[in-house]
Amino acid sequence: MKKIIYPEKKDWVEILRRPALNTDTLRDTVKEVLDKVKTEGDKAVREYEERFDKVKLDLLGVTETEIAEAEKEVPIELKAAIMLAQKNIHTFHNSQRFEGKKVQTVSGVTCWQKAIAIEKVGLYIPGGTAPLFSTVLMLATPAQIAGCKEIVLCTPPDKEGKVHPAILYAAKLAGVNKIFKAGGVQAIAAMAYGTESVPKVYKIFGPGNQYVTAAKQQVSLRDVAIDMPAGPSEVEVLADETANPVFVAADLLSQAEHGVDSQAMLITTSEKLMKEVEYEVQRQLALLTRWKIAEKSLANSKLILVRDMDEAIALTNEYAPEHLIIETKDYMELAERIVNAGSVFLGSLTPESAGDYASGTNHTLPTNGYAKAYSGVSLDSFIRKITFQEINGEGIQNIGPAIEVMAANEQLGAHKNAVTVRLKTV
């Protein structure tokens, strides 16, 4: 990890730079796949599965028999853990239900909102180096609570044409309606355009590699909504002299093992802690099974020593981390000053991995600084709010003249007339 001592503000932009994710260079490749799936449907998806995932598929859909067999293969302790996590995720997201209130803006004019579920949603679950069954829970659970009628899941199969049993078990538990064996750009295309097997959805959720990210960006321009812009995963630990260096190093490494382009940052006011964390990172790194991935990720990662906590907070809000862990003696006070972050973890006993799995909060979060403008996935991500209004005779008399004046001054005569004809009747 690169060490930075007392950085000047003019250098912050360079210091906080993420690993580059240039999807421009992928555009032509991604467009080719998207276009072929759009025109050829299942045939194209199967061809790309054979080409990219090295598997020949007769059917894209996962059968009920496969789901039942998968349930038997999941160890009992993993089932229990998944059930606990799903319960907590359900509890937290269920608390986010929207209750619209009727508001009388002026006598005779009543306005309100109603929450309506997005009818068809698509969930993309990567295969890659680890089966992300936790992401199934994070996406399908709020979709089910929201009342989405069709919850479609795409995930790449292994070379034997099977989906990881834990993914299938989590999908069934969380209410997924249809599961398909498709990964990468072809999966995004199938959900965006629809094929003979895969239904077209209205919004696509889920993480993925740079090809998946580029595909989501392209289809979102005109074909389907997406959850949020995405990039490599990241964590920042904000710590003072009271932090436990063993915990801090463990938190940094838990993010570093996600992928070679992940980023882990320590911002601290304690030089002693920084040195201890540097040692602990190397000690713990050697014990990890995914140490090669974490080691490459650490090349993108930094240990930053700042002069005081005011500077630490300012630097943190400028970075806008996906995950922020605050390990300081006054973490609650500092948390009040955080305005840019995806998800915040408070105190020495709250690791980021708790949010990844089982505390109940969602782990699908804005990365690459998008926390300045985007929220993480929540129940709201799966609903739309429709506005309603009702005006009676008194109401049209109260606001009608103002509407007439405004419409006339915008030279929209028909708008004015739609009010005028009503005012004549009350």
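For LYS162 and ILE4, FRET efficiency with R0 = 41 Å and r from the beta-carbon atoms, rounded to 0.05?
On the way: r = 46 Å, r/R0 = 1.13.
Plugging the Cβ-Cβ distance into 1/(1 + (r/R0)^6) gives 0.35.
Label sites at LEU423 and ALA286, each approximated as a point 7 angstrom past Cα along Cα to Cβ, lie 8.4 nm apart. Spin-label model, ARG17 to ALA314: label points 7 Å out along the Cα-to-beta-carbon direction sit 2.2 nm apart. For HIS258, the solvent-accessible surface computed with a 1.4 Å probe is close to 90 Å², ligands and nucleic acids excluded. Straight-distance candidates among the aspartates and glutamates for linking to LYS216, with alpha-carbon spacing under 16 Å and chain neighbours fewer than 8 residues away dropped: ASP24, ASP28, GLU32, ASP35, ASP227.
Taking the Cα centre of the chain as reference, the dipole from Cβ charges on Lys and Arg (+1) and Asp and Glu (-1) amounts to some 1180 debye.
Using a cut-off of 13 Å between beta-carbons, work out the net charge of the residues near LYS101 (Lys and Arg +1, Asp and Glu -1, LYS101 not included).
Numbers: positive: LYS102, LYS114, LYS385; negative: GLU99.
With Lys, Arg at +1 and Asp, Glu at -1, the net is +2.
In the chain, excluding the sites themselves, the longest stretch lacking any of the trypsin sites (Lys or Arg not before Pro) that are in a DSSP loop with at most 14 other Cβ atoms within 10 Å is 338-423. Accessible area of ASP35 (1.4 Å probe, protein heavy atoms only, ligands and nucleic acids ignored): about 60 Å².
Rounded to the nearest 10 square angstrom, ASP158 shows an accessible area of 60 square angstrom against a 1.4 Å probe. Comparing ILE167, ILE313, ILE76 in a Gaussian network model of the chain, where Cα atoms under 10 Å apart are tied by springs, the biggest mean-square fluctuation is seen for ILE76.
Which residues does a label at GLU119 reach in region 188-202, if reach means a backbone N under 11 Å from a point 7 Å past the Cα toward the Cβ? Residues passing the 11 Å test: 202.
Summing Lys, Arg as +1 and Asp, Glu as -1, what charge do residues with Cβ under 10 Å from the Cβ of ILE118 carry, ILE118 excluded?
Numbers: positive: LYS120, LYS149, LYS203, ARG384; negative: GLU119, GLU150.
Net local charge, ILE118 excluded: +2.
Scanning the chain for GluC sites (Glu not before Pro) in DSSP loops with at most 12 other Cβ atoms within 10 Å, what's the longest stretch left with none?
After excluding every exposed loop site, the longest remaining stretch is 242-335.
Across THR105, THR361, THR242, mean-square fluctuation computed from a Gaussian network of the chain (C-alpha pairs under 10 Å connected) peaks at THR105. When the listed pairs LYS114/LYS149; LYS162/LYS203; LYS102/LYS200; LYS292/LYS372 are checked against a 23 Å cut-off, the alpha-carbon distance exceeds it for LYS162/LYS203; LYS102/LYS200; LYS292/LYS372.
Using Cα pairs closer than 8 Å and at least 6 residues apart in sequence, work out the relative contact order for the chain, in percent. Walk me through the intermediate numbers first.
Working: 835 pairs, mean separation 87.2, N = 426.
The value is 20 percent.
Note on the chain: GNM, Cα springs under 10 Å; of GLN263, GLN104, GLN282, the largest mean-square fluctuation is that of GLN104.
I need the calculated FRET efficiency for the pair ASN94 and THR387, taking r as the beta carbon distance and R₀ as 25 Å, to the nearest 0.05. Spell out each step's value before the answer.
Numbers: r = 24 Å, r/R0 = 0.97.
Once rounded, the FRET efficiency stands at 0.55.
A straight chain from PHE52 to ASN244 at 0.36 nm per residue would run longer than the Cα-Cα distance by 64.7 nm.
Extent along the principal axes, Cα only, for region 60-129: 63, 30, 25 Å, with the longest axis given first. For LYS43, the aspartates and glutamates whose Cα comes closer than 12 Å to its Cα, not counting residues fewer than 8 places off in the same chain, are ASP58, GLU196. Would you give the gap between the C-alpha center of region 1-55 and the C-alpha center of region 377-409, rounded to a whole Å? Answer, in whole Å: 42.
The values are calculated or read from the model by the stated rules, or taken from the named source; none is laboratory data. Keep in mind the model is a prediction, meaning the values are calculated, not measured. For neighbour counting, all protein chains shown are included, and Cβ atoms are generated from backbone atoms with ideal geometry for every residue, glycine included. These accessible areas exclude ligands, DNA and RNA; they are computed on the full protein's heavy atoms, side chains included. Shrake-Rupley method; radii C 1.70, N 1.55, O 1.52, S 1.80 Å.
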